[in-house]
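Here's the structure we're looking at; comments come further down.
No lab work stands behind these numbers, since they all come straight from the coordinates. Remember, it's a predicted structure, so these values are computed and weren't measured experimentally. Every residue, glycine as well, gets a Cβ built from its backbone with ideal geometry; the counts of neighbours run over all protein chains shown.
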Amino acid sequence: MLKKINHLGVAVKSLDETIPFYRDALGMTLQGTEEVADQKVRVAFLSVGESKIELLEPTSPESPVAKFIEKNGPGIHHVAYEVADIEAAIAALVASGARMIDEKPRKGAHGAQIAFVHPKSSNGVLTEICQCSECGH
Ligand code: CMX
């Protein structure tokens with residue numbers, strides 16, 4: 001079902017203050033920034049080899065990322081796995097008893113289709129699946 005880890009999501013207070021560490025100190029390639037209005041975040045993707053980090057800055061106090069930072073401070077927020085067929089992956093997760101936050105895919109960054117599994121049913125790790133055949137990341 002899974003193809004690979006697509007990215008790790010990292011909650012940050014400010015993209016502008018965080019990007020220099022990843023781009024300049026670690027030498028990762030900044031692929032770009034984008035607002036995902038549906039998720040109330042502004043995101044930056046940085047890559048090294050095949051691997052990517054998604055920095056997530058909340059754009060509203062109602063953002064799930066704002067709530068996460070308020071409770072935990074900045075840090076690792078989710079793990080995103082790439083799948084070829086997100087509808088089939090959601091069906092398989094539901095069939096195996098996983099509690100989905102999204103039972104239907106919604107639109108994420110770069111036009112990807114995304115869905116989250118609730119961290120309470122994945123041992124405390126917010127888990128994203130994404131189908132991004134046309135999103136270029
Ligand atoms: N990782 C692990 N646990 C998390 C978590 C995270 N990222 N976010 C919340 N939790 C935990 C909380 O700590 C809480 O645990 P306790 O009950 O032990 O205190 C539990 O989940 C439920 O938290 P809650 O306060 O009831 O619910 P929230 O309002 O904080 O919502 C969640 C939590 C996961 C349902 C919500 O954040 C959500 O829907 N997330 C999916 C969407 C999202 O994160 N979008 C941003 C990224 C978008 C992108 O990548 O493009």
The chain: most fluctuating residue of Thr59, Thr29, Thr127 per GNM, C-alpha cutoff 10 Å: Thr29
Proximal charge balance of Ala109 [Cβ under 12 Å; K/R count +1, D/E count -1]: -1
Rg in Å to one decimal, and Dmax rounded to a whole Å, for the chain via C-alpha atoms: 14.5, 44
DSSP-assigned coil residues among GluC sites (Glu not before Pro) in the range 78-134, each with at most 14 further Cβ atoms within 10 Å: Glu103, Glu134
Dipole-positive endmost among Ile86, Leu15, Gly73 within the chain (Cβ charges, Cα centre): Gly73
Summed side-chain charge close to Ser47 - residues other than Ser47 whose Cβ falls under 12 Å, Lys, Arg +1, Asp, Glu -1: 0
Debye intensity ratio in log₁₀ form over the Cα atoms of the range 10-81, taken at each q of 0.18 Å⁻¹: -0.66
Rounded to 5, the percent of DSSP beta bridges in the chain classed as antiparallel: 80 percent
